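Colleague: Take a look at this one; I'll ask things after.
The values are calculated or read from the model by the stated rules, or taken from the named source; none is laboratory data. The structure displayed is predicted, hence computed values, not measured ones. All Cβ positions, even for glycine, are placed from backbone atoms using ideal geometry, and neighbour counts span all protein chains on display.
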Amino acid sequence: MTVIYEKVALIGLGLIASSLAHAMKRGGLADEIVGTTRSKETRDIATSLGFCDRIEETAIAAVKDADLVILCVPVGAMAKIAAEIAPHLKVGATVSDVGSVKQAIIDAVSPHIPEGVHFVPAHPLAGTEHSGPASGFAELFDNRWCIMTPLPNQSLDAANQLEQFWRGVGSNVERMDPAHHDLVLAVTSHAPHLIAYTMVGVADDLERVTEKEVINFSAAGFRDFTRIAASDPTMWRDVFLNNKEATLEILGRFTEELFDLQRAIRRGDGDQLHEYFTRTRAIRRDILEAGQDTKEANFGRE
């Protein structure tokens, strides 16, 4: 690969940022990678791991002369960071993000982007239940999708360059309207996470089932729920607070389907249950055929 950006600044140094740094080094996509985060402990860990060329104490120092700035912080922190770095951004630079919602981030960040700087929102659909700088690895984005939601008043060249970057780290890329992105992700990610949190919470609250029984006798379905429910609570709090409408719409549809299945179970309607499960089973087959999962846990990774 050839260099796409001379200097890339990563604001936040968790799973996504550290994986991006590893992937950029693997592909030779940047001459210099600079990282920063507010936590000194996290900065020290990132320094010891060496996935960035330099770690700065502040976001202001990190973005100096950067050609690409990627906000890898929780959704709720993005407006504050954008306001902080805005006066220090290089003319012609691109600012992007990795947030799981898009319209709320656009509303929060766009007002702070100065003239001459391009804002191109993006969302890599990749991750694990782990967080922190030590959890990153170069292959995280390989054959996963990154959804870009470029704004109509921003530079097409800047969007094309960012797309080249995401393809360089291994992603497939799709462009989408921000509101449609938020609805799609409510179906494929946000509502499933809330359901997983709820199911684990139900098990925790059920007095007739002990904690030891829940842990020792977890079947595969519940284990999958606990893996999802182990995700970063700060990130997911911000996701639900910033994608309310789409998530509530999907949860309403889910509740209707759940009530329908409850009635089928009460009636002993095996035909309805079998037809429903057969139809939904096909979705899993399609996901495997599309290469978006394997039969092994965690995409077959250790």
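Colleague: For K102, all conditions in the list (1) out of contact with any Pro (no Cβ under 7 Å at 6 or more places or on another chain); (2) within 27 Å of T42 (Cα to Cα) hold save one; what is the number of the exception?
Modeller: Among (1) out of contact with any Pro (no Cβ under 7 Å at 6 or more places or on another chain); (2) within 27 Å of T42 (Cα to Cα), K102 violates only (1).
Colleague: Going by the conditions given, is E32 more than 24 Å from H130 (Cα to Cα), surrounded by 15 or more Cβ atoms within 10 Å (Cβ to Cβ) and of a type outside the set (A, V, I, L, M)?
Modeller: For E32, the condition - more than 24 Å from H130 (Cα to Cα), surrounded by 15 or more Cβ atoms within 10 Å (Cβ to Cβ) and of a type outside the set (A, V, I, L, M) - is met.
Colleague: Within region 57-94, how many residues are surrounded by 17 or more Cβ atoms within 10 Å (Cβ to Cβ), outside any loop (DSSP other than H, G, I, E, B) and among the acidic types (D, E)?
Modeller: 0
Colleague: Still on this structure: In region 95-114, which residues are in a strand (DSSP E or B) and under 16 Å from M235 (Cα atoms)?
Modeller: Once the filter is applied, which keeps residues that are in a strand (DSSP E or B) and under 16 Å from M235 (Cα atoms), region 95-114 yields only D97.
Colleague: Test R237 against the criterion of being of a type outside the set (S, T, N, Q), at pLDDT 85 or above, in contact with a Pro (Cβ under 7 Å, 6 or more places away or on another chain) and surrounded by fewer than 19 Cβ atoms within 10 Å (Cβ to Cβ), and give yes or no.
Modeller: Judged against the criteria, R237 is not a match.
Colleague: Let me ask something else. Name the residues in region 74-100 that are of a type in the set (A, V, I, L, M) and in contact with a strand residue (DSSP E or B) (Cβ under 8 Å, 6 or more places away or on another chain), would you? Break it down into steps so the answer makes sense when it comes.
Modeller: So in region 74-100, the residues of a type in the set (A, V, I, L, M) come out as 75, 77-79, 81-83, 85-86, 89, 91, 93, 95, 98.
Listed by number, the residues that qualify are M78, I81, A82, I85, L89, A93, V95, V98.
Colleague: Something else about it: Which residues, counting only those in region 112-138, are over 16 Å from the mean Cα position of the chain (by Cα) and acidic (D, E)?
Modeller: E115
Colleague: Just a yes or no: is a residue in region 288-300 among the aliphatic types (A, V, I, L, M) and modelled with pLDDT of 85 or more?
Modeller: If we filter region 288-300 for residues that are among the aliphatic types (A, V, I, L, M), which is where we start, we get 288, 290, 297.
The next check asks that each one be modelled with pLDDT of 85 or more; those that pass are none.
Scanning region 288-300, I find no residue that is among the aliphatic types (A, V, I, L, M) and modelled with pLDDT of 85 or more, so the answer is no.
Colleague: P150 versus (1) surrounded by fewer than 20 Cβ atoms within 10 Å (Cβ to Cβ); (2) touching a helix residue (DSSP H, G or I) at 6+ places or on another chain (Cβ under 6 Å); (3) over 26 Å from E129 (Cβ atoms): which is the lone unmet condition?
Modeller: So P150 meets the others, but not (1).
Colleague: So, in region 100-138, exactly how many residues are without any contact (Cβ under 8 Å) to a residue 60 or more places away in the chain and of a type outside the set (D, E)?
Modeller: Count: 14.
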